[in-house]
Amino acid sequence: MAVGKEIRTKIASIKNTQKITRAMEMVAASKMRKTKDRMQATRPYSKQIGRIIKHLAHANPEYKHSYLIKRDVKRIGMIIISSDRGLCGGLNSNLFRRTLSQLAEWDKAGIEVEVSTIGTKATVFFSTLKKVQLVGQISKLGDTPHLHDIAGIIRLMLDEYEQGKIDELHVVSNEFVNTMTQRPTIEKLLPVVTEEIEEKLGGHWDYIYEPDAKEVLDHLLTRYIESKVYQGLVENNACEQAARMIAMKSASDNAGNLIGELQLIYNKARQAAITQEISEIVGGAAAV
Amino acid sequence: MVMTVHVDIVSAEKEIFSGAAEMVFAPAEMGEVGIAPRHAPMITRLNPGEVRVKVSATESQPYFISGGILEVQPHLVTILADTAIRARDIDEAAALQAKARAEEALADKSGKVDYATAQAQLAQAIMQLRTLDRLRKRGG
């Protein structure tokens, strides 16, 4: 029967799509578990280095590092972390929207902005923006990024800071709240802000620095910034997989609904065709 | 009772050791150091080498690290280990590469962006077609 051939092909094609989205959902779910583990594995390091930085704020070093000194803000550097691939719901666009509103604010205040991007999506997006200058990018780091992969881009921004080309450094990435929620965040890295003082380390004291304060602090603060950016990266990875899992789940569900609707239309059309045929036959018989 | 000091060894990618120890030996830049409990506060860089944690008089655990930072507080020793051997000039080279890639992305603007916008437009067109299709099917 020729009835509803288009509908049937449509149903078949949606079923194929559904198979793909369902497979992607499952892949994302298993990857999410791994990326979440990795995210948790980086926590001890950032906790420890954060503690050392806090101790350092209590010490009375004879040498003040430039990363700890506030400057008048004329130009801001940003490291923007996005995913490499799409099909992960509004993850990247939410992040970019949040960034754009921040950029607009800075623009009003007459502050210039330059960015470095991690991930293909951010690179494509920010290379088209006229207001910001793209100075560095790295992408295709895969699901298991290593700290030394992003060392170059961080060095680049730190050099800009040391040369006085930028007065602040921010990192933009998604924060993993839970599987359903990812929150775009912008965090200030430089100058290093040491928040509330928890531990009591009274008295006037300072570290013994070997070989000397400048080199050690330079090294330590660089590692601190690196660990912050690295944590943002692994967290963003976990966000990506979670967002993709949710997006693919709703895509599969939508495909199911669509198939149901089309099936109904198809059945109605088929029934209408049969009724019409019967009435034609009956009509023909009556005429004879 | 023997005095102990709390030791944490972590790398950016995982936690390596956490617990009490009688003494810690580490390859500091100026030569190997041994840290006993109540050592004065100190920060130093570490060379690639072996860190030994003396857990008890008879047992000590060795860990290989590829450089890092050692922080000493009187009751706390923290070792931040690097995951790979790092040198400033290698980082500088990587920085230059990152810069070059950015320039590439900017130069390649037309091609890449057209691709991205085209993709967006295509997705939009497909959505519109699908809605139209459904409306037509429902009406007819």
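The values are calculated or read from the model by the stated rules, or taken from the named source; none is laboratory data. Keep in mind that what you see is a predicted model, and the values were worked out from it rather than measured. Note that each Cβ is placed from the backbone with ideal geometry, even for glycine, and that neighbours are counted across all protein chains shown.
Identification of strands (runs of 3 or more DSSP E) wholly contained in region B:1-63 with 1 or more residues that are of a type in the set (D, E, K, R) yields B:5-11, B:14-21, B:31-35, B:42-54.
For region B:46-70, a residue qualifies if it is modelled with pLDDT of 90 or more and touching an Asp or Glu at 6+ places or on another chain (Cβ under 6 Å), and exactly one does: B:K54. Determine whether B:G67 is more than 9 Å from chain A (Cβ to nearest Cβ) and free of Cβ contacts under 8 Å to residues at least 24 places away in the same chain. So B:G67 passes the test.
Taking the condition closer than 17 Å to A:Y45 by Cβ, at pLDDT 80 or above and small (G, A, S), does B:A81 pass? So B:A81 passes the test.
Can you pull out the residues in region A:110-120 that are crowded, with 24+ Cβ neighbours inside 10 Å and either outside any loop (DSSP other than H, G, I, E, B) or among the aromatic types (F, W, Y) (or both)?
Within region A:110-120, the subset crowded, with 24+ Cβ neighbours inside 10 Å is A:115-119.
Of everything in region A:110-120, those that are crowded, with 24+ Cβ neighbours inside 10 Å and either outside any loop (DSSP other than H, G, I, E, B) or among the aromatic types (F, W, Y) (or both) turn out to be A:V115, A:S116, A:T117, A:I118.
Pull up region A:122-159, narrow it to residues that are charged (D, E, K, R) and over 30 Å from B:K14 (Cα atoms), then point me to the one that is surrounded by the most Cβ atoms within 10 Å (Cβ to Cβ). Steps first, answer last, please.
First, the residues of region A:122-159 that are charged (D, E, K, R): A:130-131, A:140, A:143, A:149, A:155, A:159.
So of that shortlist, the ones also over 30 Å from B:K14 (Cα atoms) come out as A:130-131.
Values: A:K130: 5, A:K131: 12.
Taking the candidates together, the pick is A:K131.
Do we have any residue at all in region A:98-112 that's more than 14 Å from chain B (Cβ to nearest Cβ), in contact with a Pro (Cβ under 9 Å, 6 or more places away or on another chain) and at pLDDT 90 or above? Checking region A:98-112: at least one residue is more than 14 Å from chain B (Cβ to nearest Cβ), in contact with a Pro (Cβ under 9 Å, 6 or more places away or on another chain) and at pLDDT 90 or above. Scanning region B:27-64 for residues that are within 8 Å of chain A (Cβ to nearest Cβ) and of a type outside the set (A, V, I, L, M), we see that the one that is farthest from A:H58 (Cα to Cα) is B:E29.
Does any residue of region A:9-24 turn out to be of a type in the set (S, T, Y), part of a helix (DSSP H, G or I), more than 25 Å from A:P145 (Cα to Cα) and touching a helix residue (DSSP H, G or I) at 6+ places or on another chain (Cβ under 9 Å)? It would help to see each step written out before you state the result.
Filtering region A:9-24 down to residues of a type in the set (S, T, Y) leaves A:9, A:13, A:17, A:21.
Subsequent filtering for residues that are part of a helix (DSSP H, G or I) retains A:9, A:13, A:17, A:21.
If we keep only those that are more than 25 Å from A:P145 (Cα to Cα) as well, we get A:9, A:13, A:17, A:21.
Checking the rest, the ones that are also touching a helix residue (DSSP H, G or I) at 6+ places or on another chain (Cβ under 9 Å) come to A:17, A:21.
Yes.
Of the set (1) at the interface with chain B (Cβ under 8 Å from one of its Cβ atoms); (2) loosely packed, with under 15 Cβ neighbours inside 10 Å; (3) more than 21 Å from A:L68 (Cα to Cα); (4) aliphatic (A, V, I, L, M), all apply to A:I208 but (3).
Could you grab me the full set of residues in region A:219-270 that are more than 10 Å from chain B (Cβ to nearest Cβ) and of a type in the set (D, E)? Residues satisfying the conditions are A:E235, A:E240, A:D253.
Yes/no per residue for (1) surrounded by 12 or more Cβ atoms within 10 Å (Cβ to Cβ); (2) assigned to a helix (DSSP H, G or I); (3) at pLDDT 95 or above; (4) of a type outside the set (A, V, I, L, M):
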position: A:Y266; (1), (2), (3), (4): yes, yes, no, yes
position: A:A269; (1), (2), (3), (4): yes, yes, no, no
position: A:A273; (1), (2), (3), (4): yes, yes, no, no
position: A:Q276; (1), (2), (3), (4): no, yes, no, yes
position: A:G284; (1), (2), (3), (4): no, yes, no, yes
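Which residue, of A:L91, A:L87, is of a type outside the set (F, W, Y), at pLDDT below 90 and either at positive phi or surrounded by 16 or more Cβ atoms within 10 Å (Cβ to Cβ) (or both)? Spell out how you get there, then give the answer.
On the way: A:L91 fails: at pLDDT below 90.
Among A:L91, A:L87, only A:L87 is of a type outside the set (F, W, Y), at pLDDT below 90 and either at positive phi or surrounded by 16 or more Cβ atoms within 10 Å (Cβ to Cβ) (or both).
Look at (1) within 11 Å of chain A (Cβ to nearest Cβ); (2) touching a Ser or Thr at 6+ places or on another chain (Cβ under 9 Å) and you find that B:L76 fails only one, number (2). Filtered by the rule that a residue be free of Cβ contacts under 8 Å to residues at least 60 places away in the same chain and farther than 30 Å from B:D8 by Cβ, region A:9-60 gives A:T9, A:A12, A:S13, A:N16, A:K19, A:I20, A:A23, A:M26, A:V27, A:S30.
Scanning for something in contact with a Gly (Cβ under 6 Å, 6 or more places away or on another chain) and in a loop (DSSP other than H, G, I, E, B), does region A:30-45 turn up at least one residue? Walk me through how you get there before you give the answer.
So the first thing to find is which residues in region A:30-45 are in contact with a Gly (Cβ under 6 Å, 6 or more places away or on another chain), and the list is none.
Checking region A:30-45: not a single residue is in contact with a Gly (Cβ under 6 Å, 6 or more places away or on another chain) and in a loop (DSSP other than H, G, I, E, B).
The listed residues are A:I53, A:I11, A:I69, and the only one of them that is touching a Ser or Thr at 6+ places or on another chain (Cβ under 7 Å) and not acidic (D, E) turns out to be A:I53.
Comparison of A:Q137, A:Q102 shows that the only residue that is among the polar types (S, T, N, Q), free of Cβ contacts under 8 Å to residues at least 60 places away in the same chain and assigned by TED's automatic domain parsing to the domain that holds A:R71 is A:Q137.
Residues of region A:139-161 being under 13 Å from B:D91 (Cβ atoms) and not in a loop (DSSP other than H, G, I, E, B), which ones? Show your work before the answer.
Of the residues in region A:139-161, the ones under 13 Å from B:D91 (Cβ atoms) are A:147-159.
Those that are under 13 Å from B:D91 (Cβ atoms) and not in a loop (DSSP other than H, G, I, E, B): A:L147, A:H148, A:D149, A:A151, A:G152, A:I153, A:I154, A:R155, A:L156, A:M157, A:L158, A:D159.
Against the condition surrounded by 18 or more Cβ atoms within 10 Å (Cβ to Cβ), touching a strand residue (DSSP E or B) at 6+ places or on another chain (Cβ under 8 Å) and not in a helix (DSSP H, G or I), how does A:V229 come out, does it pass? Here the answer is no, as A:V229 does not meet what is asked.
Determine, yes or no, whether B:V10 is surrounded by 19 or more Cβ atoms within 10 Å (Cβ to Cβ) and either more than 14 Å from chain A (Cβ to nearest Cβ) or in contact (Cβ under 8 Å) with a residue 24 or more places away in the chain (or both). Spell out how you get there, then give the answer.
Working: surrounded by 19 or more Cβ atoms within 10 Å (Cβ to Cβ): yes; either more than 14 Å from chain A (Cβ to nearest Cβ) or in contact (Cβ under 8 Å) with a residue 24 or more places away in the chain (or both): yes.
Yes: the conditions hold for B:V10.
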